[in-house]
1. Extending each Cα 7 Å along its Cβ direction at VAL48 and ARG99, get the distance between those two points in nm, one decimal.
2. With r defined as the distance between the Cβ atoms of SER151 and PHE214 and R0 fixed at 35 Å, what FRET efficiency is calculated, to the nearest 0.05?
3. If the cut-off is a Cα-Cα distance under 13 Å, which aspartates and glutamates reach LYS101, setting aside same-chain residues fewer than 8 apart in sequence?
4. Given a Förster radius of 25 Å and the C-beta distance between PHE193 and ALA226 as r, what FRET efficiency does 1/(1 + (r/R0)^6) yield to the nearest 0.05?
5. Apply the membrane-span-like helix rule to the chain: whole DSSP H runs, Cα extent along the own long axis of at least 18 Å, mean Kyte-Doolittle hydropathy at least 0.0. List the helices found.
6. Given all pairs of different Cα atoms, what value in angstroms does the Kirkwood hydrodynamic radius of the chain take?
7. Report the gain in length on full extension from ILE250 to ALA132: 0.36 nm times residue separation, minus Cα-Cα distance, nm rounded to one decimal.
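Read the figures in this text as sums done on the coordinates, not as results from a lab. Quick caveat: nothing in here was measured; it's all calculated off a predicted structure. Cβ sites come from the backbone with ideal geometry, for glycine too, and all protein chains shown count toward neighbours.
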Amino acid sequence: MPRNSGLGAVDLFGDSLKATFDLKLFAVPAIGIALGIIAAIIALLCCVPFVIVGILSMGFLPAAITFFAIAVAVFIAVIIISSAIIAGFYYKSVDEYLRTKEISIEKNIQSAFGRWKTITGVIVIQSLVHLAIAAVTLGPAAVLLIGYFISVTPKIAELSAANNGSTAALLPLLMPVITIVGTAVAALTLISFLVSPLLFLWLPAAALGNKPAFRSMSDGYGAGKAKYKRNLGAIFLAGIVGAVVLMAQIFDPTVIIGFLLTLWAELLSMVIAVKAYNDGA
């Protein structure tokens, strides 16, 4: 039987919001930060041998560049794998808390380690999907901008010479650029928002299920599609919270308050995802 059956968008968001007010749940992001620091240290230590060899190989530039490139690749690989493990811990711990009001730290870390290959695969593929959406959305805008700048370059040079470099005369020529960029960003935001219910349950499915990456993505996609409108509404409400948190960060002179609010908003999104997955699984 699915848990949280029958939740609407407001109910899903409200129940998730209420859950985040339990301070015990804040142990999850706190441990996540500690794991992230450990992961960063491990990533740097893994890079050190290649960096040292690269420095020693500076007399032969191709070899030095190769070792530095390997160091960067190792760092990125360790960070991605570590992110997968931390995400697995996050989702597993949130799921356990919602069911039992308890968090088994060691057990959930072990579970995340056991699922790291699946979660890493899902993270990579999900990132590629987002990049593809961005490319399809922003690509036409980039082509338009290139063509526009090619066509107006002589005019810009002429106006600059006639007005001694004054930017005021160039503003009319920049308006199409602002329009194109603004439209492209708005389109990307809208498309990403509309697609998000189909993607945001991939990671919960990978972390909480016992299936390979592609099957986990299929299950997450199916759960998201089954209650698309409900999930879209909950994501929209979470987005409003995120926007408020962002404004608080901008105007927070202490930085600490903004940081804590960011952790809370991230935790809220995790709870929403787990509740939505359990309701649709």
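1. Computed distance between label sites VAL48 and ARG99 equals 4.1 nm.
2. Working: r = 46 Å, r/R0 = 1.31.
Once rounded, the FRET efficiency stands at 0.15.
3. ASP22
4. Details: r = 19 Å, r/R0 = 0.75.
For R0 = 25 Å, the calculated efficiency reads 0.85.
5. Values: long enough: 27-56 (44 Å, 2.74); 61-100 (58 Å, 1.52); 116-162 (62 Å, 1.42); 171-199 (41 Å, 2.13); 213-226 (20 Å, -0.42); 228-250 (32 Å, 1.37); 256-280 (36 Å, 1.28).
Flagged H segments are 27-56, 61-100, 116-162, 171-199, 228-250, 256-280.
6. Working: mean 1/r = 0.0456 Å⁻¹.
Evaluated on the chain, it is 21.9 Å.
7. Values: separation 118, 0.36 × 118 = 42.48 nm, distance 3.04 nm.
This chain segment gains 39.4 nm when fully extended.
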